[in-house]
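Below: the structure, in structure tokens.
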Amino acid sequence: MGFTDEIKRRRTFGIISHPDAGKTTLTEKLLLFGGAIQEAGAVKSNKIKKGATSDFMEIERQRGISVATSVLAFNYKDKKINILDTPGHKDFAEDTFRTLTAVDSVIVVIDVAKGVEEQTEKLVEVCRMRNIPMLVFINKLDREGKDAFDLMDEVEQKLGLTVTPLSFPIGMGYDFQGIYNIWEKNINLFSGDSRKNIEETIAFDDINNPELDKLIGAKPADKLREELELISEVYPTFDRQQYLDGKLQPVFFGSALNNFGVRELLDCFIEIAPSPRPKDSDTRTVQPDENKFSGFVFKIHANMDPKHRDRLAFIKIVSGQFERNKPYLHVRHNKNLKFSSPNAFFAEKKEIVDISYPGDIVGLHDTGNFKIGDTLTEGEQMAFKGIPSFSPEHFRYINNADPMKAKQLEKGIDQLMDEGVAQLFTLELNNRKVIGTVGALQYEVIQYRLEHEYGAKCSYENFPAYKACWVKPEDPKNEEFAEFKRIKQKFLAKDKYDQLVFLADSEFSIQMTQQKYPSVKLFFTSEFD
């Protein structure tokens, strides 16, 4: 198979949702169809001792939530599928935002009973900013929930999307009988027996066929005919180009837990979803089919295996072929590195790969060379854009709870910060360390991992900050900037890239600072031009 065929057969996407909408369950069922796993472990059920394949950190097993973004790959009908499973929990939003820089499209999962929830709104906003193609999966249809039309209205209004259903439920909750697949023109009947792996589908070219009444009953059949007529009048016809441009979002209905409606979603997805897309760098736009390799680090995970202190840098390949043992340029350090054992992922299993193509995610063993956002090329000097740090919402001093382990603590904090778990600010005044996170649960994760992976103990104290603002003076030498630094010295810190940060204690203090020192610009993300 040629290079361009390899690119065309790849689909790299993320699954996003509010916690508990069923994202990890959907991921598992997709793996099941790809033959990647034999049985799916329901994520929350204590009856099944087997944890979900994509949740591998201990803290995730204890809490039943996904903390780290994991990468899963499988083949399905001649397509190579890479799923980036993202944490739904809002405390890990930053990890999810960064993962969205590495996907070519997204599946948004919505709970039929709860509808659109706040975390979904935030994540969809990020996708809309980047025009990422989105497909919506409305989950848990075997439970009582909102009316299908109401749900689609809610998706349009709250998420600002333009939707068109490609499948539609027959009944809901107790009356749920199955799904009419508008895309393939067939009906999939629901037996309610989740032991059957894959339900039978019955082709229906003509919805007015009287056989339909025999199958689902005359009343539901009439209702379905009315609803399908309404759909064709109210919603736009599916147009693939519009979907690829991020202007139209197809909707599917199903129940991931019962394995229902997932195959329809997958079959349509591999046909319409984009293969790897071009990406902007600071010098030009890079096309996937260019001959020379380029890629960027969107995630770093330390201690994937607690027995060996290893860090893996996850690289999304943007163009060309990534070959094992070939030297590539690490642009920020301006030095060549070669990798003897690049990993591809398959849930918990990792395999060493000789060659990878655009769209693939490769894990590189890292001894501390990489930071999030780093670019690798075959020699070209450029950096991929769009991987900012966001201002944290929570701030705490971190203290060493065991003076004998100062070194371990420092190493642990360094590595966890490189991973992007949180951000470290060092106060200018007294060099005390402040950790900023997007969510409070991160502090627990940091404490747990410092103790279990580095043998270091830490304690926290509150630090009264409201937001971190990156500081950029128009003229670093002028009087105004010097005065700003003198007056605000208590609140000034450096981030780990040595950029100056103002840890403001309130919205009011940010406004006052901007009025008083107009030439000192403040930014809420670390990426500014």
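The values are calculated or read from the model by the stated rules, or taken from the named source; none is laboratory data. Owing to the predicted nature of the structure, the values given are computational and were not obtained by experimental measurement. When we count neighbours, we look across all protein chains shown, and the Cβ atoms used for this are built from the backbone with ideal geometry, even at glycine. To get the accessible areas, we keep the full protein, side chains included, count just its heavy atoms, and leave off ligands, DNA and RNA. Shrake-Rupley method; radii C 1.70, N 1.55, O 1.52, S 1.80 Å.
Is the shape of the stretch 362-413 best called rounded, prolate or oblate, per the rule: a/c under 1.5 gives rounded, else a/b larger than b/c gives prolate, else oblate, with a ≥ b ≥ c the square roots of the Cα gyration tensor eigenvalues? Oblate, because a/c is 1.5 or more while a/b does not exceed b/c. Rounded, prolate or oblate for the stretch 223-312? Axes are the square roots of the Cα gyration tensor eigenvalues, ordered a ≥ b ≥ c, and the cut-off for rounded is a/c under 1.5. Note, shape of the stretch 223-312 comes out oblate. Per-peptide packing, taken as the mean over residues of other Cβ atoms within 10 Å, places 486-499, 229-242 in the sequence 486-499, 229-242 from highest down. Using 0.36 nm per residue and subtracting the Cα-Cα separation, the extra length available between Gln241 and Asp280 on full extension is 12.0 nm. Among the listed pairs Lys279/Lys371; Lys23/Lys80; Lys338/Lys457, which have their C-alpha atoms separated by more than 29 angstrom in this model? Violating the 29 Å Cα-Cα cut-off are Lys338/Lys457.
So if R0 is 51 Å, what FRET efficiency would Gln511 and Glu271 give, r being the distance between their Cβ atoms, rounded to the nearest 0.05? Efficiency, from the Cβ-Cβ distance: 0.50.
Spatial offset of the stretch 369-442 relative to the stretch 454-529 amounts to 16 Å, using the alpha carbon center of each. Protection proxy ranking for 220-226, 23-29, using the average of other Cβ atoms within 10 Å per residue and placing the highest first: 23-29, 220-226.
Note that the stretch 397-499 presents 51 Å² accessible area per residue, ligands and nucleic acids not counted, probe 1.4 Å. A straight chain from Val126 to Ser340 at 0.36 nm per residue would run longer than the Cα-Cα distance by 73.5 nm. Summarising the amide proton neighbourhood of Asn186: residues at separation of 5 or more, or on other chains, whose placed amide H is nearer than 5 Å comprise Asn181, Phe204.
Between Leu429 and Met382, the modelled label-to-label distance comes to 4.5 nm, taking each label 7 Å out from Cα in the direction of the beta carbon.
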